[in-house]
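Everything on this sheet refers to the single structure shown next.
The values are calculated or read from the model by the stated rules, or taken from the named source; none is laboratory data. Model, not experiment: these values are computed from the prediction. When we count neighbours, we look across all protein chains shown, and the Cβ atoms used for this are built from the backbone with ideal geometry, even at glycine. Remember, those area values only see protein heavy atoms, side chains included, never the ligands or the DNA or RNA. Shrake-Rupley method; radii C 1.70, N 1.55, O 1.52, S 1.80 Å.
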Amino acid sequence: MFTKFLHNVPSGIRHEFKYAINSGVYEILRRRCASVMKRDKFSTDDGGYRVTSLYFDDVYGTAYNDKLTGILSRKKFRIRAYNLSPDRINLEVKLKEGSYIKKKSAVLTYDEYKAIIGGELFPSLEGCRGAAGWSSGVLQDFRSQKLKPAVITDYYREAFTADAGNVRITFDKNLQTGFGTADMFNASYSPVDRFYNQAVLEIKYDRFLPTYIQELFSGFPLMSEPVSKYILCANYVLEVNKKCL
């Protein structure tokens with residue numbers, strides 16, 4: 001089910017496995033995780049938080065088509081906020097190579113976010129709070145891609161962590177997508193129908209997954225699959241737009 005240990009994994013590269021699970025399995029697994037793992041540092045008093053992302057793509061739909069056709073080496077850009085608060089906004093690029101991932105990010109102010117969705121791509125670094133992100137190339141890479149807002153994803157997340165193996169386990173549910181604007185802070189949200197009564201389990205770790213965490217999933221025939229909240233939302237938007245024609 002999992003890769004237990006790999007030598008010589010480059011720094012920053014992580015394993016990622018995804019599973020679509022029903023609400024019953026979700027309830028059991030989240031309780032198991034809560035019994036032996038820590039909530040992540042962003043968790044609220046009720047245990048979870050809202051994650052809203054604006055994904056970008058080029059005029060050819062490269063990010064969408066690469067994911068849909070299963071291209072092993074791909075990347076996508078997104079702007080992400082938590083609990084729809086303008087106080088914490090990240091511009092992120094997620095690099096995918098088979099079952100390995102790497103993520104880079106740069107912090108944005110709300111004004112910088114508005115500039116991006118308005119088509120401005122930061123001709124200079126002066127006054128950019130996220131300027132530190134340029135050292136990782138995130139903003140330069142984004143600016144060079146000539147990307148436009150594509151789709152909004154929105155869901156409720158519960159996340160658990162363990163120090164050994166740098167493990168992170170998340171459960172995402174209540175998937176929605178935004179309509180009417182590219183501004184995720186002002187969009188109208190609608191549930192993605194086919195996601196009803198489901199959740200996405202994601203398991204991420206560095207070089208190894210501790211045995212005691214592997215045992216949390218015993219008794220369930222989980223099969224890793226390329227489930228994508230981004231694709232689910234993009235397809236739902238396409239369906240709705242066709243019905244409106």
| task | Scan the range 47-57 residue by residue and report those that are within 20 Å of Thr181 (Cβ to Cβ) and of a type outside the set (Ser, Thr, Tyr). | result | Arg50, Val51, Leu54, Phe56, Asp57
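Working carefully through the options Asp172, Asp193, Asp141, find the one that is closer than 30 Å to Gly119 by Cα and acidic (Asp, Glu).
Asp141
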| query | Within the range 81-95, can one find any residue that is among the basic types (Lys, Arg), closer than 30 Å to Thr181 by Cβ, open to solvent by less than 30 Å² (accessible area, probe 1.4 Å) and outside any strand (DSSP E or B)? | reply | no
| said: Looking at (1) in a loop (DSSP other than H, G, I, E, B); (2) touching a residue at least 24 places away in the same chain (Cβ under 8 Å); (3) open to solvent by 50 Å² or more (accessible area, probe 1.4 Å), which one does Pro221 not meet, given that it meets all the others? | reply: (2)
| field | Enumeration of residues in the range 139-163 that are in a strand (DSSP E or B), closer than 23 Å to Phe179 by Cα and open to solvent by 30 Å² or more (accessible area, probe 1.4 Å) | value | Lys148, Pro149, Ala150, Tyr156
| Members of the range 186-200 found to be open to solvent by 20 Å² or more (accessible area, probe 1.4 Å) and touching a residue at least 40 places away in the same chain (Cβ under 8 Å), listed by number | Ser190, Asp193, Arg194, Asn197, Gln198
| task | Would you point out the residue of the range 1-35, among those that are open to solvent by 70 Å² or more (accessible area, probe 1.4 Å) and at pLDDT 90 or above, that is nearest to Gln198 (Cα to Cα)? | result | Asn22
| said: Which count do you get for residues in the range 167-184 that are within 14 Å of the chain's Cα centre (by Cα) and open to solvent by less than 10 Å² (accessible area, probe 1.4 Å)? | reply: 6
